[in-house]
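*Asks:* Got a structure for you, written out below as structure tokens; questions coming shortly.
The values are calculated or read from the model by the stated rules, or taken from the named source; none is laboratory data. Here the structure is a predicted model, which is why all the values come from computation and not from measurement. As a convention, Cβ positions derive from the backbone with ideal geometry for all residues, glycine included, and neighbour counts pool all protein chains shown. Quick note on the areas: whole protein, heavy atoms, side chains included, nothing else; ligands and nucleic acids left out. Shrake-Rupley method; radii C 1.70, N 1.55, O 1.52, S 1.80 Å.
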Amino acid sequence: MTTITASEEQRVLDNVPKRLYIGGEWRDGSKGTFSVEDPAIGEPLCEIADASADDAKAALDAAVEAGAHWSQHPPRERGEILRRAFEAIIAREDELALLMTLEMGKPLKESKAEVAYGAEFLRWFSEQAVRIEGRYAVAPNGQGRLLTMQQPVGPCLLITPWNFPLAMGTRKIGPAIAAGCTMVVKPAQLTPLSMLALAKILEDAGLPSGVLNLVSATSSGETMGPLIADPRLRKLSFTGSTEVGKKLMEQASDNLLRLSMELGGNAPFIVFDDADVDDAVQGALIAKMRNIGEACTAANRFHVAESIAGPFAEKLAEKLGAMKVGRGTEDGVDVGPLIDQSQRSKVTELVDDAVGRGARPLVGGHAREGAGYFYDPTVLADVPDDANLLREEIFGPVAPVRAFDDEDEAIAAANATEYGLVAYVYTSNFKRALRVCERLETGMVGLNQGMVSNAAAPFGGIKQSGFGREGGPEGIQEYLETKYVAVNL
Ligand code: NAP
């Protein structure tokens, strides 16, 4: 790998459409433009269209108008559009990865992994489009027939966060297109470029006008509020913080919208004394450091059996300390910047709070001086029970380690959170593995592995991590309604 040149960066930025995509047309935003920043240097990359509430309404108008035809479009053709888009993404993997690194900061190798992961949802749902099935049954009294069909929900609003700029979109857009829904997509204002590039790819892949409309905006509440209140909207799928998710859910109650809520996490990573410590450290590295720790699935706290907690923390600190921090476009960089100053301040506050209460930094513990929003990879040992970072989502490269005495204590500690997205468990005892998986209050478990994301599996949480599933056979159900027809013979 060689370091990327400024002209390559400029070429990739020049290729992205920077306007709103509404009803098959690229048009200016009524509120002018806003700038997208490179978090590694804290400087603007480019300007993109800023939508008003009227622009957002025009996007919903287009989605509603396209809905009647799109819901009748042959499923095979819906699937083939997705398949063509999947192939186009893979063919342009390097360019899309660079774009993502520029706007979000993660190292190029991680951006490439997200491009592949994000594209995979389009491939998976291209295959699901032709597997939407119903049922035919004889009524129990033998007289009537019970016919069950599945139909597209209708116009959807899809709101996504900044941390996975492409995949958080394709997880929603793939099943919505496959199911025959139309949509308005609102990417995060910090990272809208990958989604704009995706909209262009879908347009080029033959997606009819109005099926997908993209609105980038600085005033998300002002632009999205009227859409959520519009009785023509049928569904809201949101990925983001629990705080915003709850607000949107409240707004959505007026129209009783179908909802999918992919919210925050506070994942425990449990290592039992029968685990292979080196394997567990390797898994911890992935679960903690993927996406610079800015993942809803990031291991937020490490609960390790007392007898191995010391060596585990030391080995993890050695690995994290050896990671190269820098701009994601540079050769050999493992850890990019955090997304902005406010995110870095939050990480700093959480670490300072833990250290103030007695936690011991084995490595890191500081923000980096200079341009960009860098924070050093950090391992904290002896983290006390009252440290705030055990309860709050850290969203940064910080690993707090705590020791436990027995299985019950480990499970109680893991479940002592309002969140319930994912947990990680390391053990070589099969019976214990199943016992613990059953008792964990989460939507997903990584068993002897530090990553769960897979387009073919149902991703999602319980408790304050939300509800609904993205990916797997379950993913398309979020975009389908069941209709029952009582047949008189
Ligand atoms: P966020 O602040 O909740 O924002 C998410 C999206 O909602 C952005 O597009 C944002 O727009 C928009 N938004 C904010 N306020 C809104 C409002 N009043 N009306 C309509 N839209 C509004 O979350 P974030 O900081 O971008 O993302 C980080 C969070 O996402 C973390 O908590 C993480 O755990 C969670 N996450 C969850 C999953 C999952 O699958 N469970 C996956 C990834 C991330 P602006 O950009 O304009 O603010």
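*Asks:* All but one of (1) more than 16 Å from the ligand (Cβ to nearest atom); (2) open to solvent by less than 20 Å² (accessible area, probe 1.4 Å) hold for Leu196, so report the exception by its number.
*Replies:* (1)
*Asks:* For the stretch 414-451, which positions are within 15 Å of Glu262 (Cα to Cα) and β-branched (Val, Ile, Thr)?
*Replies:* Matches in the stretch 414-451: Val422, Thr442.
*Asks:* Report the residue count in the stretch 146-177 for those that are within 12 Å of the ligand (Cβ to nearest atom), part of a helix (DSSP H, G or I) and among the hydrophobic types (A, V, I, L, M, F, W, C).
*Replies:* So the answer is 2.
*Asks:* Looking at the stretch 225-271, what strands (runs of 3 or more DSSP E) fall wholly within it and have at least 3 residues that are open to solvent by less than 10 Å² (accessible area, probe 1.4 Å), of a type in the set (A, V, I, L, M, F, W, C) and within 30 Å of Arg435 (Cβ to Cβ)?
*Replies:* Ranges flagged: 267-271.
*Asks:* Sticking with this structure for a sec: Looking at (1) open to solvent by 10 Å² or more (accessible area, probe 1.4 Å); (2) within 11 Å of the ligand (Cβ to nearest atom), find the lone condition where Leu207 falls short.
*Replies:* For Leu207, the exception is condition (2).
*Asks:* Please find, among Arg327, Arg360, the residue that is at pLDDT 95 or above and either under 28 Å from Tyr426 (Cα atoms) or open to solvent by less than 10 Å² (accessible area, probe 1.4 Å) (or both).
*Replies:* It is Arg360.
*Asks:* Would you call Ala403 over 25 Å from Thr242 (Cβ atoms), surrounded by fewer than 24 Cβ atoms within 10 Å (Cβ to Cβ), of a type in the set (A, V, I, L, M) and away from the ligand (no atom under 16 Å from the Cβ)?
*Replies:* The answer is yes for Ala403.
For (1) over 23 Å from Leu338 (Cα atoms); (2) touching a strand residue (DSSP E or B) at 6+ places or on another chain (Cβ under 7 Å); (3) not aliphatic (A, V, I, L, M), each residue gets a yes or a no:
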| residue | (1), (2), (3) |
| --- | --- |
| Glu120 | yes, no, yes |
| Trp124 | yes, no, yes |
| Gly134 | yes, yes, yes |
| Gln150 | yes, yes, yes |
| Cys156 | yes, yes, yes |
| Asn163 | no, no, yes |
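*Asks:* If you go through the stretch 412-466 one residue at a time, how many are open to solvent by 40 Å² or more (accessible area, probe 1.4 Å), among the aliphatic types (A, V, I, L, M) and touching a helix residue (DSSP H, G or I) at 6+ places or on another chain (Cβ under 9 Å)?
*Replies:* So the count comes out to 5.
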